[in-house]
1. Could you give the dipole magnitude of the stretch 1-138 about its Cα centre, charging the beta-carbon of Lys and Arg +1 and that of Asp and Glu -1, in debye to the nearest 20?
2. By how many nm would the segment from residue 258 to residue 82 grow when fully extended, if each residue of separation counts as 0.36 nm and the alpha-carbon distance is taken off?
3. How big is the Cα convex hull of the stretch 71-228 in projection, averaged over all directions, in nm²?
4. Rounded to a whole number, what is D in µm²/s for the stretch 266-358 from Stokes-Einstein with the Kirkwood radius over alpha-carbon pairs (4 °C, 1.567 mPa s)?
5. Which net charge results when you count Lys and Arg as +1 and Asp and Glu as -1 among the other residues whose beta-carbon is under 10 Å from that of residue 93?
6. Positive end of the dipole of the stretch 1-139, charges at C-beta (+1 Lys, Arg; -1 Asp, Glu), about the Cα centre: which of 69, 127, 94 has its Cα farthest in that direction?
7. Taking other Cβ within 10 Å of each residue's Cβ, how do 245, 103, 128 sort, fewest first?
8. How are the alpha carbon pair distances in the stretch 53-153 distributed across 5 Å bins from zero to the largest one, expressed in percent?
Amino acid sequence: MTDWSDPDAVDLSDAVTFDRLLDRAETREKGHFFEFFAEGDELAHDPGLRLSHHGSEQWMGQTLNHDPAYWRADTARERGFEARPVHPDYLIACVMGITVEDLSEKGGYFLGRDDVEFHQPAMAGTPLSVTSTVVDTRTSSSRPKYGIVTWETEGRDRETGETLVSYRRTNMIPRREPAATDGGAMGEQDDGGPAVPDTLLSPEGERFEDFRRALDTAQKENAAVAYRHERGRTMDDQLVAGLPLATLNTARQHHNRDEMADSPSGDIVAYGDVTRSIALAHARSDEATYRERRFADERFHDFVTLGDTIYGFTRVLDCDPDAGPEQAGAVTFEHVAFNQDQTPVYSGRRTALIQRDT
Ligand SMILES: C/C(=C\C(=O)SCCNC(=O)CCNC(=O)[C@H](O)C(C)(C)COP(=O)(O)OP(=O)(O)OC[C@H]1O[C@@H](n2cnc3c(N)ncnc32)[C@H](O)[C@@H]1OP(=O)(O)O)C(=O)O
């Protein structure tokens, strides 16, 4: 009988032999199918990511986030931070990146996020501890090969236990066995198209008062405050594969071109947090941000692949002069990331503190 543990028993460098072996081999799987998740389950994510200035600066540079408070200690102190924090987009991308191995590595898509709250600034050197709870699971009525899972996730400082960021996130997750569904229903089409305001106003400057004046004017004129941002950023390898890998995000969608060739996108797709961060950077370049507060109703509407260019569009929804410290007021925006074909790929509501006139 052949001793198959003998290193010379099979020649692994022979392509025909190797092909036959691969056909017989079981794949040691990563990630979980939809059926794994049950409401109430708690998962502790274990990768050892430590926030760093290097990671934050790499993220900010690549996504065009140039707010000096996250680059320079003196501006950080002027803005009321004890020390220079890491960027909140990098923080949330790291917290979510760590969870991918347990929650979404099997594939499927990141559909949206809600109730994003930044509890306190996060500092370089902080080791992360991240936990998630399954809050909802349901069958997708339109895609029998997928289920839809919602988790609540909290990212904490592993040493102090303090919560840094929390959110509720929804993904499409492949099922091990397809479900029987009616294939989904088509919504009714409106021939006339939705109503849009005749006039879109832009704030004259980048301070809280500029946004407030523009909103006041818009209300009197039956207009909306909404504008485009000029910059665009084309998705290259560094953005699509490099940044998610740097956050330990193991989703194959971002770095395995072989697997993604047969998927609906036909190629690797950008990490939703990268797409979002680019559109937010475009918006922040036209405002005097003081602090990020929260995000709601974030949705990822379409794929972003290599070579797509991401632009930004912003609508101003509300200005609250009483919600911030002396130096700033709270503005709620709706931001949209769109591609070179003017197709929206991300939208979300953001409340940020914007500096007042000095
Ligand atoms: C991280 C990470 C992964 C990523 O970052 S992946 C990159 C970011 N995400 C994407 O690129 C996804 C882009 N979106 C799409 O391509 C399409 O939305 C998609 C997923 C192909 C679905 O297109 P549809 O036209 O079929 O979209 P529907 O609006 O009909 O939605 C399909 C079902 O999903 C439900 N749904 C959609 N959004 C949400 C949401 N925010 N919350 C809850 N449920 C949502 C919708 O109700 C539909 O349900 P059915 O029962 O009717 O199927 C990572 O690994 O985590």
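Bear in mind that the values in this text are calculations on the coordinates, not laboratory data. Worth saying up front: this structure is predicted, and the values here are computed from it rather than measured. Every residue, glycine among them, receives a Cβ derived from its backbone with ideal geometry; neighbour counts consider all protein chains shown.
1. Working: 12 positive and 27 negative charges, 160 e Å.
Dipole about the Cα centre, nearest 20: 780 debye.
2. Residue separation times 0.36 nm, minus the Cα-Cα distance, leaves 58.8 nm.
3. Values: hull surface 57.3 nm².
If I average the Cα hull's projected area over directions, I get 14.3 nm².
4. Numbers: Rh = 13.9 Å.
Answer, rounded: 93 µm²/s.
5. Working: positive: 276; negative: 89, 273.
Once all neighbours under 10 Å are counted, the net charge is -1.
6. 69
7. Details: 245 15, 103 26, 128 23.
By the 10 Å Cβ count, ascending: 245, 128, 103.
8. Values per bin, smallest distances first: 2, 10, 19, 19, 16, 12, 9, 7, 3, 2, 0.
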